[in-house]
Amino acid sequence: MSALPIKADISTTWYVRFVPIALALVGSQLGSVLTRPAAKEIGRPLHQFESGRDFVRKLRVFICVLMFTGASVPVFAMQCPGNPDALGTSRVLAVSPNEYSHVGSMQYKQTLPLADHEVVLTFDDSPLPPYTDIILKILASQCVQANYFLIGQMANAYPYLVRRIYNAGHTVGTHTLHHPLALKHLPLPLVEHEVDGGIAAVEAAMGDSKAVAPFFRIPGLSHSDAIDSFLASRSLVTWSADAVADDWFRRITPQQIVQRAMQRLNARGRGILLLHDIHPATALALPSLLKELKAHGYKVVHVVPAGELPKSVPELPAPAVIASGAWPRVLHTSGSNDGTATAILHHQVKKSVFGKIH
Ligand SMILES: [Zn+2]
């Protein structure tokens, strides 16, 4: 599936009259504005800008017709299909390892160049059914693009979800092969095995190595100078965070996740928010969190690697549900009005296997 997060919609109720010369200028300039991203906004959004290109082409023809007929020009607005009040994704930021080797003020001096009230949503430890799918649907309902950091062994187990995340328009980075929490205490050969093995596993699951971003997050943010240097030597952008929501805490509630995320983001006014898409509490919190971000005037920034990325990768079929051993989990996303109010889900992976990772 290929999500088109932003779609241009032409209103039929509001009209503005321009003199023909102004129409000509708009027709000639608007296309380049919408189709050619700013210097920092190049990179992945091929499938995102695709609809924009089509729209601009049609718009130019439309304007020419209006010029000859003397009709009015409609005011158009960028909208999220089916959700005019969506949070949306405000801009795409391309990041190169040459420019940013380590980002995140929790551990590094440098972080992403975000404006006031800009936030980057990041999800670690993915993929894991059913939460990955739930969170993808919630993000899609709000036209929000996020940054993922996948674990190699999880990618091996659920390659169809790896591709689903990518084809939904999100950025896919990596998070080691087995998620060792004490990475900084491992000898360098083992660190190399974890980092390179994680990348290789995600690339194999993706089926296209070009679709995997050179973005990496250390498990548990357990860094050291030696590991940071090693990761830089691999031409990776190492991500820490600017704020966490404690969503990996065992008994944390969705309400607490939202409160902590907003409190910590508000304290900085912007930042990289670290979340996980393997925990039920995160899935339950996300609709409210996106609503709060919108209410507080935050704008979502989607970070992509500099350069071209594949438009999409071939989908893989999801495995059939195995009746034996499966256990149902019922999620009630109270307070959500985005169509994901209640989800009855069958979870086939014992959470205890992955429950302690973050
Ligand atoms: Zn993790």
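Mind checking which of GLY271, SER233, VAL313 is farthest towards the positive end of the stretch 91-354's charge dipole, using Cβ charges of +1 (Lys, Arg) and -1 (Asp, Glu) about the Cα centre?
Value: GLY271.
Only Lys, Arg, Asp and Glu count, each charged at its Cβ (+1, +1, -1, -1), so figure out the dipole size of the stretch 91-354 about its Cα centre, rounded to 20 debye.
Working: 22 positive and 21 negative charges, 131 e Å.
About 640 debye.
What is the sum of charges around GLY198, taking Lys and Arg as +1, Asp and Glu as -1, for the other residues whose C-beta is under 13 Å from the C-beta of GLY198?
-4
Name the long-range amide H neighbours of HIS102: under 5 Å, sequence gap of 5 or more, or other chain; modelled H, no Pro or chain starts.
Those qualifying (amide H under 5 Å, at least 5 residues apart or on another chain) are THR238.
What full-extension length gain, to one decimal in nm, is calculated for ALA295 and ASN266 as 0.36 nm per residue of separation minus the Cα-Cα distance?
Full extension of this stretch gives 9.2 nm more.
Taking H as built 1.01 Å from N, whose amide H comes closer than 5 Å to the amide H of PHE123, not counting residues under 5 places away?
ASN147, TYR148, PHE149, LEU275
Using a/c under 1.5 as the rounded threshold, could you call the stretch 75-206 rounded, prolate or oblate? The axes a ≥ b ≥ c are square roots of the C-alpha gyration tensor eigenvalues, and prolate needs a/b larger than b/c, oblate otherwise.
Details: a/c = 2.55, a/b = 1.42, b/c = 1.79.
The shape class here is oblate.
With only Lys, Arg, Asp and Glu charged, each at its Cβ (+1 for the first two, -1 for the last two), find how big the charge dipole of the stretch 194-274 is about the Cα centre; round to the nearest 20 debye.
So the magnitude is around 460 debye.
If you add up the charges near MET154, with Lys and Arg at +1 and Asp and Glu at -1, over every other residue whose beta carbon is less than 11 angstrom from its beta carbon, what do you get?
-3
Lys and Arg at +1, Asp and Glu at -1: add these up for the other residues within a Cβ distance under 15 Å of ILE227 and post the number.
Spelling it out: positives minus negatives among the neighbours equals -2.
Find how many whole Å separate the alpha carbon centroid of the stretch 193-234 from the alpha carbon centroid of the stretch 249-299.
Measuring centre to centre over Cα atoms gives 26 Å.
By average Cβ neighbour count within 10 Å, what is the ranking of 140-153, 260-273 from highest down?
Result, highest mean Cβ count within 10 Å first: 140-153, 260-273.
Could you compute the FRET efficiency for ALA232 and LYS137, with r as their C-beta to C-beta distance and R0 at 45 Å, rounded to 0.05?
For R0 = 45 Å, the calculated efficiency reads 0.80.
Calculate the spin-label point distance for LYS109 paired with ASP196, positioning each point 7 Å from the Cα along the beta-carbon direction, and give it in nanometres.
Placing both labels 7 Å along Cα→Cβ, they lie 3.1 nm apart.
Report for the stretch 91-354 the percent antiparallel among DSSP-assigned beta bridges with both residues inside it, nearest 5.
20 percent
Each value in this text was obtained by applying a stated rule to the coordinates, not by laboratory testing. Keep in mind it's a predicted model, so treat the numbers as computed, not measured. FYI the Cβ positions are ideal-geometry reconstructions off the backbone, even for glycines, and counts take in every protein chain you see.
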